[in-house]
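The next block holds one structure in the form of structure tokens; read it before the comments.
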Amino acid sequence: GEDVEQSLFLSVREGDSSVINCTYTDSSSTYLYWYKQEPGAGLQLLTYIFSNMDMKQDQRLTVLLNKKDKHLSLRIADTQTGDSAIYFCAGRDDKIIFGKGTRLHILP
Amino acid sequence: DGGITQSPKYLFRKEGQNVTLSCEQNLNHDAMYWYRQDPGQGLRLIYYSQIVNDFQKGDIAEGYSVSREKKESFPLTVTSAQKNPTAFYLCASADTTGGAFFGQGTRLTVV
């Protein structure tokens with residue numbers, strides 16, 4: 001079945017760009033998602049990309065999809081303290097399968 | 001106000017009891033999902049449903065049951081057969097254009 005892998009931690013200085021990476025195994029994923037989770041809360045959908053797209057940009061967020069390498073990334077421009085959270089990538093065919101999440105820590 | 005509503009936010013259960021978690025959506029989504037999240041962990045799929053009156057087991061269905069009698073509702077029952085039920089439970093719904101949205105979760109504690 002689908003497996004989704006993410007690095008567990010990322011530290012970034014405030015004002016720099018953050019790049020969170022994800023790899024997935026199932027090429028049949030129709031949609032690929034990025035979610036943000038703050039402590040004690042549910043998951044907030046940040047953005048998603050259809051599998052036939054290469055890139056999607058939405059304000060400070062840029063998603064890149066490399067289908068050949070099955071690699072998905074989320075770039076957050078001008079990282080702020082409010083971006084501190086856990087970020088999950090997920091792939092959807094009939095199920096939605098999640099990675100274990102990347103904890104983003106913002107350095108002053 | 002459209003969205004997904006999970007209730008209650010906090011739930012306490014005695015060992016040996018069944019308990020049902022509510023998930024309601026008014027987004028007209030066909031697909032609904034239940035996940036379990038343990039501290040410091042990712043989300044593991046319990047059950048999912050693509051259409052009314054049909055549902056499939058996810059990766060950790062043992063000790064859980066669901067029903068999908070209405071499009072808007074996908075309740076999850078945590079049975080006494082679930083050996084370690086204390087966790088954060090998240091419900092999601094998704095549409096055919098791609099959007100997949102979560103409720104705010106129910107934190108279940110066995111006392």
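Condition first: out of contact with any Gly (no Cβ under 9 Å at 6 or more places or on another chain), assigned to a loop (DSSP other than H, G, I, E, B) and in contact (Cβ under 8 Å) with a residue 40 or more places away in the chain. Can you find one or more residues in segment B:76-95 that meet it?
yes
Filtering segment B:75-98 down to residues that are within 14 Å of chain A (Cβ to nearest Cβ) and within 22 Å of B:K9 (Cβ to Cβ), which residue is surrounded by the fewest Cβ atoms within 10 Å (Cβ to Cβ)?
Per the criteria, the residue is B:F88.
With among the hydroxyl-bearing types (S, T, Y) and within 30 Å of A:F9 (Cα to Cα) as the only criterion, which of B:Y64, B:Y10 stands out?
Sole residue among the options that is among the hydroxyl-bearing types (S, T, Y) and within 30 Å of A:F9 (Cα to Cα): B:Y10.
When you scan segment B:2-30, how many residues do you find that are within 13 Å of the chain's Cα centre (by Cα), of a type in the set (A, V, I, L, M) and more than 11 Å from chain A (Cβ to nearest Cβ)?
Matching residues across segment B:2-30 total 2.
Scanning segment A:86-108 for residues that are assigned to a strand (DSSP E or B) and away from chain B (no Cβ under 14 Å), which turns out surrounded by the fewest Cβ atoms within 10 Å (Cβ to Cβ)?
A:L107
Residues are listed down the side, and each one gets a yes or a no for (1) in contact (Cβ under 8 Å) with a residue 24 or more places away in the chain; (2) within 13 Å of chain B (Cβ to nearest Cβ); (3) in a loop (DSSP other than H, G, I, E, B); (4) touching a Phe, Trp or Tyr at 6+ places or on another chain (Cβ under 6 Å):
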site	(1), (2), (3), (4)
A:V12	yes, no, no, no
A:G15	yes, no, yes, no
A:V19	yes, no, no, no
A:L46	yes, yes, no, yes
A:M53	no, yes, yes, no
A:K56	no, yes, no, no
A:V63	yes, yes, no, no
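Consider B:T106 carefully, then state whether it is within 29 Å of A:F50 (Cβ to Cβ), within 12 Å of chain A (Cβ to nearest Cβ) and either touching a Ser or Thr at 6+ places or on another chain (Cβ under 9 Å) or among the β-branched types (V, I, T) (or both).
no
Name every residue in segment B:31-66 that is touching a strand residue (DSSP E or B) at 6+ places or on another chain (Cβ under 6 Å), part of a loop (DSSP other than H, G, I, E, B) and either at pLDDT below 95 or facing another protein chain (nearest Cβ under 10 Å) (or both), in order of residue number.
Residues satisfying the conditions are B:D38, B:G42, B:G58, B:D59.
Among the listed residues A:D78, A:D26, which satisfies the condition of being in contact with a Gly (Cβ under 7 Å, 6 or more places away or on another chain), among the charged types (D, E, K, R) and closer than 22 Å to B:T97 by Cα?
A:D26
Looking at (1) assigned to a strand (DSSP E or B); (2) within 14 Å of chain A (Cβ to nearest Cβ); (3) more than 12 Å from the chain's Cα centre (by Cα); (4) over 21 Å from A:Y87 (Cβ atoms), which is the one condition that is false for B:F101?
(4)
Any residue that is β-branched (V, I, T) and farther than 20 Å from A:D69 by Cβ - is there at least one of those in segment A:21-41?
no
Within segment A:68-82, does at least one residue satisfy the condition of being within 18 Å of B:L45 (Cα to Cα) and not in a strand (DSSP E or B)?
No, that holds for no residue.
Go through the residues of segment A:23-37 one by one and say whether even a single one is crowded, with 21+ Cβ neighbours inside 10 Å, assigned to a strand (DSSP E or B) and among the β-branched types (V, I, T).
no
The values are calculated or read from the model by the stated rules, or taken from the named source; none is laboratory data. The structure displayed is predicted, hence computed values, not measured ones. Every residue, glycine as well, gets a Cβ built from its backbone with ideal geometry; the counts of neighbours run over all protein chains shown.
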